[in-house]
Amino acid sequence: MTYLEYFELTQEPFSNAPVSRFYYNSSQHSQALTRLLHTVSYMKGLSVLIGDIGAGKTTLARRMLDSLPEDEYEAALLVIIHSGITANWLLKRIALQLGVENPAQEKLALLSQLYQRLLQIYESGKKAVVLIDEAQMLETRELMEEFRGLLNLEVPERKLISFVFFGLPEIEKNLKLDPPLAQRVAMRYRLEPFTADSTEAYIKHRLRLAGCPRMPFTPDAIEALHRRSGGTPRVINTLCDNALFEAFLARTPDIGAPLIEQIANNLGLETGLHGKKGAAQAVAPPVPASAPAPVVAPAAPTAPGAPYASLAAAQPRPMVMPAVTPIVPSQANRRIEPRPTPPVAAPIPEIAKPPVPPVPPVTEDSVPEAALPEASIVEDDVEIVTSPEAPIDAAMVEVQPPAAPPLTPGEEFELPVEDEPHAEPPVVEAQAAAPEAATDPEAPSAASPPNPNAPNPADPSAQAQNPQNPQAPGGTKPAGRGVDLAEIDRYLEGLNKL
């Protein structure tokens, strides 16, 4: 015996296959179908039907295809099963569905064949309609542009082809890829989840078409079905089909809420998350923060053939875990020892520093000239003039005496000497040497013969006996002396050091 025979059913009432015989014409499905038939009847161009997962879009598409008379429409249903399709593949499929034989590989030739076929359909008094299921798979702008180009094929009276898109809410984003196509949408309708009354009517409609003589689901089971499915037809079918089978295994003619809750938990269904996001928070009652949340023990798996009679009448008994209070040691039982206070170091007094008198800036004028070295005093007084035309002659060098520094009242100035004080060096000019030699009676004349008794200047013994030689013993320095090149070299060496 099968569960169909147990519940006296002729066929599966809750199959998820899109069987047109089990189509449930709810109020919103009826309105959606009426609007879609209106747009294709007047060849409006493009219509869009939007619905969540399991809302019944495919069933409605097949219902619409069956509702189009063959003598008035050349209709076709195209299901998109992959998002990687190309525009050329799409045009070929549309051409084949509308009756184009041997579609060309080249795009321009294929469009020409499709246009000629649409003209034939128009001349025969029919209307070309193509239904696109799972249209959210059309994710490229190129595909959207192809649909816009096909909608531009028209005659003066009307368009040559109409399209109806059935898809998830993501299809709205795909239409925005081509704004001109989005402007050509003539009708847009959205399927909403079932209400509680619609859910009960849907279940009864399916059981009646399957030949069930009575209603096996209790009212609390209908309420649990709507709450756990969120009003989504596909989820309702899954829960009801499993409930019939489990009741058959338990040999239970009536199905209650506990069995529905158990099946929903086994399928991993969360309350209210089917059809609309965020519905679980609105349906599930909030749990107070102070009270512990009840923990429901999962149902133990039961072997096939075990008795299920107690499932329909028994209510789930939640296992409430008592609140556990953490054990904290009492303050009276604890021995608190005082903590030693760390010593505080005395602050170190600051040592006052004596004020530092300001140092006046040192300039060239503030330094007395007496403190300067001797070379810096005579630096500006010694001038060596060289002529580029004639070589330097020692006789032409004039040495000026160093200028005396300015004297203050009551101060005497003495030139620094190295060995002993001497007179200020006179100015010697080479040109005056010749007259002095002429007036000196003792000077030897160039015309007179040499004196054989005169001492030889080159003889060292003679230089030693010469009383005019300052280096000779007992010799004295002459009153006047000529240019001393060694002294000039010392002046120049001092200047270079500075």
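The values are calculated or read from the model by the stated rules, or taken from the named source; none is laboratory data. In this text, all values refer to a predicted model and were calculated from it rather than measured experimentally. Note that we place each Cβ from the backbone using ideal geometry, even for glycine, and neighbour counts take in every protein chain shown.
If you scan segment 1-50, which residues turn out to be β-branched (Val, Ile, Thr) and under 18 Å from Ala61 (Cα atoms)?
Within segment 1-50, the subset β-branched (Val, Ile, Thr) is 2, 10, 19, 34, 39-40, 48, 50.
Hits for segment 1-50 are Val19, Thr34, Thr39, Val40, Val48, Ile50.
Being in contact with a strand residue (DSSP E or B) (Cβ under 9 Å, 6 or more places away or on another chain) and not hydrophobic (A, V, I, L, M, F, W, C) is the filter; apply it to segment 205-243 and report the residue that is surrounded by the fewest Cβ atoms within 10 Å (Cβ to Cβ).
Pass one, segment 205-243, residues in contact with a strand residue (DSSP E or B) (Cβ under 9 Å, 6 or more places away or on another chain): 207, 216-218, 221, 225, 240, 243.
After this cut, where a residue has to be not hydrophobic (A, V, I, L, M, F, W, C) as well, the list is 216, 218.
Working: Pro216: 20, Thr218: 16.
Filtering first and then ranking leaves Thr218.
Listed here are the residues, each with its yes/no results for (1) crowded, with 17+ Cβ neighbours inside 10 Å; (2) within 30 Å of Leu191 (Cα to Cα); (3) of a type in the set (Asp, Glu); (4) touching a residue at least 40 places away in the same chain (Cβ under 8 Å).
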| position | (1), (2), (3), (4) |
| --- | --- |
| Lys57 | yes, yes, no, yes |
| Met64 | yes, yes, no, yes |
| His82 | no, yes, no, yes |
| Leu91 | yes, yes, no, yes |
| Glu101 | no, no, yes, no |
| Glu106 | no, no, yes, no |
| Leu110 | yes, no, no, no |
| Leu119 | no, no, no, yes |
| Leu131 | yes, yes, no, yes |
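Kindly list, by first and then second residue, each pair from a residue in segment 19-43 that is exposed (fewer than 13 other Cβ atoms within 10 Å of the Cβ) to a residue that is in a helix (DSSP H, G or I), limited to pairs with Cβ atoms under 8 Å and residues at least 6 apart or on different chains.
Ser20/Thr59; Ser20/Arg62; Ser20/Arg63; Ser20/Asp66; Arg21/Leu209; Asn25/Leu33; Ser27/Ser198
Take Pro307 and tell me if it is assigned to a loop (DSSP other than H, G, I, E, B) and at pLDDT 90 or above. Before the answer, list the steps.
Working: assigned to a loop (DSSP other than H, G, I, E, B): yes; at pLDDT 90 or above: no.
So Pro307 fails the test.
With (1) under 30 Å from Thr238 (Cα atoms); (2) out of contact with any Ser or Thr (no Cβ under 7 Å at 6 or more places or on another chain) as the list, and Arg93 as the residue in question, which single condition is left unmet?
So the condition that Arg93 fails would be (1).
Residue-wise test of (1) outside any helix (DSSP H, G or I); (2) assigned by TED's automatic domain parsing to the domain that holds Arg141; (3) farther than 20 Å from Gln11 by Cβ.
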residue: Asn174; (1), (2), (3): no, yes, yes
residue: Pro180; (1), (2), (3): no, yes, yes
residue: Ala186; (1), (2), (3): yes, yes, yes
residue: Glu200; (1), (2), (3): no, no, yes
residue: Lys204; (1), (2), (3): no, no, no
residue: Gly211; (1), (2), (3): yes, no, no
residue: Ala221; (1), (2), (3): no, no, yes
residue: Ala224; (1), (2), (3): no, no, yes
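If you scan segment 158-190, which residues turn out to be surrounded by fewer than 17 Cβ atoms within 10 Å (Cβ to Cβ), under 29 Å from the mean Cα position of the chain (by Cα) and free of Cβ contacts under 8 Å to residues at least 40 places away in the same chain?
Selection gives Glu170, Lys173, Lys176, Leu177.
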